[in-house]
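**Q** The structure's right below; bear with me while I get my questions together.
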Amino acid sequence: MHKILLIEDEPGIQETIQIALEADGFDLTIAPTGIQGLQMLTDDISLILLDIGLPDQSGFEVLKSIRKTASIPVIFLTARSSEIDKVLGLEIGADDYIVKPFSPRELLARIRAILRRTQNPLVLEQKSNQKLRISLDKKLVYYNGKNLNLSPYEYKTMELFFKWPGRIFTREEIMDNVWTEPEDSFDRAVDTVIKNIRARFKEMDPNFDPIETRRGQGYGLKETI
C-alpha cells in the first residue's frame, strides 16, 4: 500500500482527497501546516500532495526544505495557474502541478502515473564512465562518486540521455518521455530542468558540463565526457 502525505489546510479539500485516495487503496496522512508536514515526513512516504497557500509558510518553501534531504515525488495543489508559478515549482523540484478545483479522478490518475514512473524497477544495468555514473536501480546520478541529488524530473531526463548518448532530443521528445502529463507541459519547463541539472554539476565542478545544446534542435548527453 502506498502512503501519501497531504499537506493542506482546507478541511473540504482534505476530506475530498481522503475519500478518493482511501477508496482507491492509498494510506493517507494529513498535515494542515508546512511545519507539521515536514515533521511527518518519513522514509515510507511514496508521494506528497502539497498546497502552495499554507497558513504558516508557502508550499514553495516547504518543497525547498523537502528537497534538501529527499527526492520524494511532489504534486503541487494550488489555486494559481500562471506559467510563472509552474516554472518556479519545477525549478525547486516539483513533479506535477494541479490547479484547484480539480476532480478526484484527475488527481488519482496523476498520482498513479507518477508512482509508476518513479517506483517501477528498471531491468537495466548501471551505466557509467570515469566521472559520471547513473544507478538505474537506485535512481541516482553520481559525479566523481557524489550524488547530485536530482529531482525526479531531473533524474528522468538524465536517465533518458544516458540511454542514448550523443542523441539530441527535442523538447517535445523530452516531455513525452519524462513528464507525467505531457499535455500540461510547456517548452520552458524543459529548459528549466536542463538549467537545474547544469547548476548541480557546476556546484561540483565549474568546468564540467555533460549536456549538449543544439540551438533550434534540443538537448542530449555528450557522447564523449
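**Q** Taking Ile30 and the conditions (1) out of contact with any Asp or Glu (no Cβ under 6 Å at 6 or more places or on another chain); (2) without any contact (Cβ under 8 Å) to a residue 60 or more places away in the chain; (3) of a type outside the set (D, E, K, R); (4) open to solvent by less than 40 Å² (accessible area, probe 1.4 Å), which numbered condition does it fall short on, given that it satisfies the others?
**A** Of everything listed in (1) out of contact with any Asp or Glu (no Cβ under 6 Å at 6 or more places or on another chain); (2) without any contact (Cβ under 8 Å) to a residue 60 or more places away in the chain; (3) of a type outside the set (D, E, K, R); (4) open to solvent by less than 40 Å² (accessible area, probe 1.4 Å), Ile30 misses just condition (4).
**Q** Can you tell me how many residues in segment 185-203 are modelled with pLDDT under 90 and open to solvent by 60 Å² or more (accessible area, probe 1.4 Å)?
**A** 2
**Q** List the pairs whose first member sits in segment 151-163 and is at negative phi and open to solvent by 10 Å² or more (accessible area, probe 1.4 Å), whose second member is of a type outside the set (Asp, Glu) and part of a helix (DSSP H, G or I), and whose Cβ atoms are under 6 Å apart, counting only residues at least 6 apart or on separate chains?
**A** Short answer, once both residue conditions are applied: Pro152/Thr118; Lys156/Val178; Leu160/Asn177.
**Q** Determine which member of the set Ile7, Ile48 is within 15 Å of the chain's Cα centre (by Cα), among the β-branched types (Val, Ile, Thr) and open to solvent by less than 70 Å² (accessible area, probe 1.4 Å).
**A** That would be Ile48, the only listed residue that is within 15 Å of the chain's Cα centre (by Cα), among the β-branched types (Val, Ile, Thr) and open to solvent by less than 70 Å² (accessible area, probe 1.4 Å).
**Q** Please enumerate the residues belonging to segment 29-72 that are farther than 26 Å from Val178 by Cα, part of a strand (DSSP E or B) and touching a Leu at 6+ places or on another chain (Cβ under 8 Å).
**A** Answer for segment 29-72, where residues must be farther than 26 Å from Val178 by Cα, part of a strand (DSSP E or B) and touching a Leu at 6+ places or on another chain (Cβ under 8 Å): Thr29, Ile30, Ala31.
The values are calculated or read from the model by the stated rules, or taken from the named source; none is laboratory data. For clarity, every value in this text was computed on a predicted model and none was experimentally measured. Backbone-built Cβ (ideal geometry, glycine too); neighbour counts: all protein chains shown. Surface accessibility is based on the protein's heavy atoms, side chains included, excluding ligands, DNA and RNA. Shrake-Rupley method; radii C 1.70, N 1.55, O 1.52, S 1.80 Å.
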